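The values are calculated or read from the model by the stated rules, or taken from the named source; none is laboratory data. From a predicted model like this one, the values you see are computed outputs, not experimental measurements. Ligands, DNA and RNA are stripped out before the accessible areas are found, and what is left, the full protein with its side chains, is counted by its heavy atoms. Shrake-Rupley method; radii C 1.70, N 1.55, O 1.52, S 1.80 Å.
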Amino acid sequence: MDKFRMIFQFFQSNQESFMNGICGIMALASTQMYSAFDFNCPCLPYYNLAYGLGILLVPPFILFLLGFVLNNNISMLAEEWRRPQGQRGKDPAVLRYMFCSMAQRAMIAPAVWVSVTLLDGKCITCAFCTSVPVETLGNASHLHLSQGEIQQVLARIPCKEIYNGQQLIANEVAIRYLRCISQALGWCFVLLMTTLAFLVRSLRPCFSQAAFLKSRYWSHYIDIERKLFDETCAEHARSFAKVCIQQFFEGMSTDLVAARCHLPRKAPADAGEAAEKLLGITDQGTMNMALKSWHRCKPPLHLHPPALPTGNGWAGEGQPPTHPSAPRKETAAYYSWV
């Protein structure tokens, strides 16, 4: 349990670690889904190709979209892309970095599915069983069959229980031939994905490390800013609701005891704290205006420090320069005792 707790805390440490954990879980889930999937080839001409390629390509596309859906940054990317210009410019490099980061993570589960499917060989066997070279592996001259009849016989190769073309080509020979091709394609795909990942990880710092660091920094900033804004809005909503409820109950109690003489009760301390957290926004219209203003014209990414004196012409860095004092006049006094 301690190891699982440490792994869980690592996944929650930052946004990238969390998304890496989600993508790893999806990759494991894709292998489990394929192992639990009941593969049934239709064993009919023109249907085998559609079924085999559909199993090979459609689930990876679904997993790719699911990887985008589970990524929390997709809504942040869409919001940053579609928001008005306002007082803050939109950096295309940051948007590209966010999209590429999400795409790379979303590609992990589809790549695992394609690799496992090709290494298993069932999809390729079902899709291309009618393309087996009978002249090379079988005995095409043994039976005088038309091309359509040969295609119908070859389409039954994945189905051993109904295959009746042993005299044309042995079922084991055709399956082994197609499975070897599928496994070769699978290992080539794994090698290609590994090589691309290695090149991206190793060569990227050699060309655009400074631009990459800037894009990564501002991507993290947008994520943190959004979280802090949501937390601030939630805290304001909580304080607003607390003050409204307390005012409601105070008004009700005042109406109920209007005919009696009671000393005014002191407002609870938490009510004062909640009122301070409202920051002057005490009605629905003002809050809606603040939310619209945040979306339309976000404040520029420039902090304004307190202005330093500029009357003497110094820029404000370090301590103000000390001006040399004017030379003092020394006066000599002579006293006489005469």
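Results, tabulated for the structure shown:
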| read-out | value |
| --- | --- |
| Accessible area (Å², per residue) of the range 19-207, counting only protein heavy atoms and a probe of 1.4 Å | 58 |
| Flagged links, alpha-carbon separation over 20 Å, of Lys242/Lys298; Lys90/Lys277; Lys227/Lys277; Lys242/Lys292 | Lys242/Lys298; Lys90/Lys277; Lys242/Lys292 |
| For the range 235-247, 3J(HN,Hα) per residue [Karplus equation, 6.51 cos²θ - 1.76 cosθ + 1.60, θ = phi - 60°, Hz, x = Gly/Pro] | 5, 5, 4, 5, 5, 4, 5, 5, 5, 4, 5, 5, 5 |
| Apportionment of accessible area to carbon and sulfur, the range 209-256, percent (1.4 Å) | 66 |
